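The values are calculated or read from the model by the stated rules, or taken from the named source; none is laboratory data. What you see is a predicted model; the values in this text were computed from it and never measured. Glycine also receives a Cβ, built like all others from the backbone with ideal geometry; neighbour counts cover every protein chain displayed. For the accessible areas, the whole protein counts, side chains as well, though only heavy atoms, and no ligand, DNA or RNA atoms are used. Shrake-Rupley method; radii C 1.70, N 1.55, O 1.52, S 1.80 Å.
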Amino acid sequence: MPSTKRPWIVPVGPLLRVPGSRRQERVRTPLAGTAGSASEIPEGEDVAADLVLESLNGGALVAAGTVDAPWAGECVRCLGLARGRLHVAVRELFETASDNEETYPLDGDQIDLEPLVRDAVLLELPLAPLCADDCQGLCPVCGVNRNQTSCTCAAEARDPRWSALDELRAAEGGKASKD
Ligand SMILES: [Zn+2]
């Protein structure tokens, strides 16, 4: 059953009435449909925003803190599942009649944190996900996953000029040992 609840919308009326006052705001809920070109927030998994909201003179408000989110994607080296967590520092301004792209709208006595959280996450989602920093990837010749098994393709596929050099070295080595 679809929920009409909007967990990212938070009331800020009391804050705005006392400029300079602040409040801690923690929201932890899934953020559906957040995907970059190579990774995304897994469906149904929680994203957490831990923010301090502070009102300014003139009816604006600053939200500063961190956004935490899980991500998943396809490892660019081995094509296996890559997963990780984002931890993004944010500091953004909310204002009424927000007409520039640098700020978020302040709508009466509430703000919607979702665009802020979504923007922060989209900027940080990995463009080249790795399952592990030392992933060995797939062999470009035979295609085996080198994290799981090994192959001899790398040795066989060496540039023939190197084997010519090897022979030269072997010959020189032979000469040297004779002296
Ligand atoms: Zn991998």
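For the stretch 33-57, a residue qualifies if it is open to solvent by 50 Å² or more (accessible area, probe 1.4 Å), in contact (Cβ under 8 Å) with a residue 12 or more places away in the chain and over 14 Å from the mean Cα position of the chain (by Cα), and the qualifying residues are 43, 44, 45, 46, 50, 54, 56, 57. Scanning the stretch 127-144 for residues that are more than 13 Å from residue 81 (Cα to Cα) and either hydrophobic (A, V, I, L, M, F, W, C) or open to solvent by less than 50 Å² (accessible area, probe 1.4 Å) (or both) returns 127, 138, 139, 141, 142, 143, 144. Comparison of 86, 81 shows that the only residue that is open to solvent by 100 Å² or more (accessible area, probe 1.4 Å) and within 18 Å of the chain's Cα centre (by Cα) is 81.
A quick yes/no check of all residues on (1) modelled with pLDDT of 95 or more; (2) away from the ligand (no atom under 16 Å from the Cβ):
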| residue | (1), (2) |
| --- | --- |
| 52 | yes, yes |
| 65 | yes, yes |
| 68 | yes, yes |
| 71 | yes, no |
| 75 | yes, no |
| 83 | yes, no |
| 89 | yes, yes |
| 96 | no, yes |
| 99 | no, yes |
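Answer with yes or no whether residue 26 is charged (D, E, K, R) and assigned to a helix (DSSP H, G or I). It is false that residue 26 is charged (D, E, K, R) and assigned to a helix (DSSP H, G or I).
Is it true that residue 141 is touching a helix residue (DSSP H, G or I) at 6+ places or on another chain (Cβ under 6 Å) and more than 9 Å from the ligand (Cβ to nearest atom)?
So residue 141 passes the test.
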